[in-house]
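The values are calculated or read from the model by the stated rules, or taken from the named source; none is laboratory data. It should be emphasised that the depicted structure is a prediction, and the values quoted were computed from it without experimental measurement. Neighbour counts are summed over all protein chains in view; Cβ atoms, including those assigned to glycine, are modelled from backbone coordinates with ideal geometry.
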Amino acid sequence: MESFEDTSALKGCTDLGKARIARAKALLVNAPRARGLVGSADLAASSPTKELDALVLGNSLIGYGDGISLENMMIIENLISFSKLEADHETKNDPNPAAWHRAFINCMLDMGCSVPIHASLEYKKQSGSGTMKNVVTSIVQAGIAAAVAAIPGATVLSAVADSTLTALEKEPDTVKLFNYDVVTAKGVKLAILPCEQANNGLIIVSFSSINHESNTFGGEVLFFDLKVTNVDIYQGSNYLTFNPFAYAEVKDDIESVLGLRRKEMRSKRFARHRK
């Protein structure tokens with residue numbers, strides 16, 4: 001991690017990042033290709049638009065601000081998707097709620113992202129009460145507040161996060177899809193990532209991951225609506241930046257991997273703003 005003043009420098013994929021990509025490609029060599037092939041219609045459906053500016057990606061929720069270009073939406077979405085696949089693979093046998101958070105951040109760093117240390121909240125346990133939506137919202141806003149204290153340009157991410165969560169609740173089929181991946185036998189595990197483009201062209205992201213272990217899930221009540229009292233919530237937040245000019249180096253390889261593995265993650269786009 002580094003200071004914010006260093007994050008505008010052009011960083012490339014690290015040697016560890018290149019090794020990750022090579023390993024991911026090697027694992028696909030013997031995979032049945034027919035199962036993972038993505039046609040032109042699928043590729044079009046997999047691309048963000050200005051109208052469909054939010055995305056449920058498994059147990060992750062991504063929202064795009066008004067100022068980010070379509071190209072940069074796709075860039076950061078691909079980095080998030082690849083890092084999510086890597087983190088899922090690395091922690092599939094690790095019950096520690098902080099392990100996935102660290103694995104995701106480490107992969108984003110390897111891909112060339114910067115993570116200012118003074119705009120981060122360490123993964124920790126805290127007590128929460130109210131509806132799960134209120135608990136989740138307070139955790140996400142706390143993470144963004146930590147970034148804003150050091151980086152004023154991060155303020156916009158708060159509005160992006162709020163509008164993404166609000167829009168999700170108005171999409172019954174989408175929220176059910178999200179709920180399916182978020183709620184496990186042990187509770188809730190989710191990540192929320194509002195994204196925007198800074199004036200200097202950097203892509204900025206607030207990343208909050210949340211884990212709540214409980215046996216009270218699994219009924220008809222969606223996790224957002226569930227009322228909890230003094231439950232232990234594990235949460236961590238980081239602020240990331242990425243210089244989109246660094247993407248060219250890994251574009252073909254990452255998109256090759258995602259083209260074959262994208263169907264491993266259930267996804268659905270929706271509008272953050274209703275017309």
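Against the definition (assigned to a helix (DSSP H, G or I) and either farther than 30 Å from Lys25 by Cβ or touching a His at 6+ places or on another chain (Cβ under 9 Å) (or both)), how does Ala159 come out, yes or no?
yes
Rundown of residues vs (1) free of Cβ contacts under 8 Å to residues at least 60 places away in the same chain; (2) in a loop (DSSP other than H, G, I, E, B); (3) among the aromatic types (Phe, Trp, Tyr), yes/no style:
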| site | (1), (2), (3) |
| --- | --- |
| Leu55 | no, no, no |
| Gly67 | no, yes, no |
| Glu71 | no, no, no |
| Lys92 | yes, yes, no |
- Conditions (1) under 17 Å from the mean Cα position of the chain (by Cα); (2) surrounded by 18 or more Cβ atoms within 10 Å (Cβ to Cβ) -> Ala159 fails only (2)
- Kindly provide the set of residues from the stretch 23-78 that are modelled with pLDDT under 85 and of a type in the set (A, V, I, L, M), ordered by number. Leu27, Leu28, Val29, Ala31, Ala34, Leu37, Val38, Ala41, Leu43, Ala44, Ala45
- From Glu86, Glu122, residue being under 24 Å from Ser267 (Cα atoms) and among the charged types (D, E, K, R): Glu86
- Tell me, yes or no, whether the stretch 170-188 has at least one residue that is at pLDDT 90 or above, under 23 Å from Leu79 (Cβ atoms), crowded, with 19+ Cβ neighbours inside 10 Å and hydrophobic (A, V, I, L, M, F, W, C). no
- Message: What's the total number of residues in the stretch 134-169 that are among the acidic types (Asp, Glu) and either touching a residue at least 60 places away in the same chain (Cβ under 8 Å) or in contact with a Phe, Trp or Tyr (Cβ under 7 Å, 6 or more places away or on another chain) (or both)?
- Response: 1
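Do we have Ile139 as of a type in the set (Val, Ile, Thr), touching a strand residue (DSSP E or B) at 6+ places or on another chain (Cβ under 7 Å), part of a helix (DSSP H, G or I) and over 29 Å from Lys263 (Cα atoms) here?
Spelling it out, Ile139 is indeed of a type in the set (Val, Ile, Thr), touching a strand residue (DSSP E or B) at 6+ places or on another chain (Cβ under 7 Å), part of a helix (DSSP H, G or I) and over 29 Å from Lys263 (Cα atoms).
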- Task: Say whether the condition of being charged (D, E, K, R), in contact (Cβ under 8 Å) with a residue 40 or more places away in the chain and not in a helix (DSSP H, G or I) is met by at least one residue in the stretch 106-117.
- Result: no
